[in-house]
1. Give me the percent of DSSP beta bridges within the chain that run antiparallel, rounded to the nearest 5.
2. For residue 92 and residue 150 in the same chain, what is the full-extension length gain: residue separation times 0.36 nm, less their Cα-Cα distance, in nm?
3. Extension gain residue 277-residue 77, at 0.36 nm per residue separation less the Cα-Cα distance, in nm?
4. Taking the simple approach of a point 7 Å from Cα along Cα-to-Cβ for both residue 52 and residue 230, what is their distance in nm?
5. May I ask you to list the residues of the stretch 522-560 whose amide nitrogen lies under 16 Å from a point 7 Å from Cα along the Cα→beta-carbon direction of residue 439?
6. Would you mind classifying the stretch 377-435 by shape? Square roots of the alpha carbon gyration tensor eigenvalues, ordered a ≥ b ≥ c; an a/c under 1.5 is rounded, otherwise it is prolate if a/b is larger than b/c and oblate if not.
7. For a quick protection proxy, order the peptides 555-565, 257-267, 496-506 by their average other-Cβ count within 10 Å, most packed first.
8. Just to be sure I understand the model, the point goes 7 Å from the Cα along the line to the Cβ. What's the resulting residue 751 to residue 701 distance in nm?
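Taken together, the values in this text are just the output of simple stated rules run on the coordinates, not laboratory data. Predicted model, so just to flag it, every value in this text is computed and none were measured. We place every Cβ from the backbone using ideal geometry, glycine too, and count neighbours over all the protein chains shown.
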Ligand SMILES: Cc1cc2nc3c(=O)[nH]c(=O)nc-3n(C[C@H](O)[C@H](O)[C@H](O)COP(=O)(O)OP(=O)(O)OC[C@H]3O[C@@H](n4cnc5c(N)ncnc54)[C@H](O)[C@@H]3O)c2cc1C
């Protein structure tokens, strides 16, 4: 470690015009962790500005509970890093204690679903080496004699969970950072952030104004907690979070509670934390108090009926905490201003996520991207039409708060602020029973309900704040039935959509897919560099490819279609003004995707083009006439069947759809949604994230390694190829009819080697199919033989199932169907 650190916390004014590489704003959990991790990456000309004292914001009030298990693999890894930093790394480095107490954690289940969720967490924990036990009420009583276990269903006990001390953690972090050369300035409020516009018209951070002087810097990190929105405004950046009062109660001294683990009773929406000889009790209610609207205030004594231990409330606090639209933090570089990073919106988990997120943020700043898959936290996940929409932020953040402790079921959807972005098919599909899913504010078809339309209604705040609760709300009732880890009741409806696609015809509205034009004199050069595949084919061709980052990770997989020059102002071709640019065409052209075995005969009745294999082969496209409307037809398939994707200008969408449906009636055409797409596409097999390379993902065929054309990520792939794969995607099928959803642990000869990333039921063979990246426990190469030579099992909710491992998708491995070869 380093020599004992000297405090270098300044309170003196800054030298005017001082220059720092990074300015971190806010001295709470996130600010201190980010500063420390920047230093660990060698960035030491960095300063943290805190307007008051370190921890003066929400961090001061934190319960500091650290639970290692969450229903997300990335989050489990982020938590593991925080735990490592505060339980050992910092102490080794500074010789100071952070105040970490490993008193264990206990989750309480009051019903079957909740216990099922805990069992899922336990199985995931095995893949990560996290010790945990699902206990019966009697076993729980042995562990924790004070607990009244009569109405318990069971518990999840994680012995190495524990409690963080906010002051100890932040002080130690700042000492370690200052010892490495960073500067920490308290009592130094940021009052302004200046932005400049560079020669290319891009806005960039220029300087930070404080009460004590100005700092020149190209980079600020907004770790200002609930005040982050205000800091964003200073630079013209939208920070879509809402501050809510999150209350807790501190009890009087209670005899016999020493050595108690932290307790979370999700169903009663409360947590308990040992605070000396007393307890600190906090919770989440359906009508939280918005920071900016105190008139809605009501007193909540939620959870006190809980009374598993005797509570005498002494002190009730209502500190603020920020909540976001999807209950995930806001991180990464703001799209509005270069050099303006966010590290805020932590939805009551900013202590335990602080270490992992601080590390990722530091990496993001230093290397331009995080190490892990942080897409779910990246501020760019929200479209700009949402981030400046107050109703959306308020309603969705309210729902995040209200559902803070809800079971995370595989198929949940929000009820708040829906129908923000709809496509031209929305109304007509809704009338046919479409149950929509929401993604990034966009409504896309989930599946089709045989019981008629189930529209999403205006948000009713779950009846809070005297808002009348929606009655006879079919969508909400359907959603309620999804709240299971078993097969949902409409499993059969989704099966019929899938089988119709495999055996007859199905039509999918895939307007949700992004569509971009890349134009200009250097478009070819850009395409060569950006795409792994050689897309330099004749106009009319379509190529499946990946786009990588520098480390060879897959940022996106997509199809690239080379367009023929065509007349100006054509809605299906881009206008090129001689300059290179990309334009997002998602709103201009909707896409309807029509896929399936009999689609050729059907579409032949609608399109004025020869659709035979010779005239219109797989992986080609052309502009054709569909029922009197110009569309771009692409011979592609997302679900592994012969089919066409039709890109249709907005105003032509409905007439073309009706023509296809009318012609399809005699073929038994049906509407199908993304639930069917998920099940059908998994049969073609893959799961991709920015931390997977195409070689690991079985997509080496998309990489032009045999050519000498350089492309982004190529070097990393070459190095990986030479070294051999340390992880590799494997497909598993399970003979037993059992639902799996991802996060199940994978064992090779009884030794954990990974977890399922994605799993679906495969209706054509009535089996579960799943994909996971497996590693060699010895850290060695994962060769095909490593996969072939051993027995695999999958653990789902504590139960083990035999699984067959496949290196290639067992469904149509030679891709004959998409080429129109059946039988
Ligand atoms: C009662 C309660 C219990 C909780 N329990 C847990 C738990 O058990 N586990 C868990 O992981 N999380 C828990 N949380 C959540 C966790 O405490 C927060 O997510 C976390 O502390 C947020 O840290 P932060 O650094 O983002 O924000 P803050 O701690 O609020 O830090 C932001 C800082 O920015 C400073 N600032 C603001 N404006 C300026 C400015 N203009 N210039 C300079 N500085 C500025 C503020 O003074 C403040 O210090 C709990 C929260 C509450 C309220």
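1. Among the beta bridges of the chain, antiparallel pairing accounts for roughly 80 percent.
2. 16.5 nm
3. 68.8 nm
4. Output for this residue pair reads 1.1 nm.
5. Zone members listed by number: 555-559.
6. It comes out oblate by the Cα gyration axes.
7. 496-506, 257-267, 555-565
8. The two pseudo-label positions are separated by 3.2 nm.
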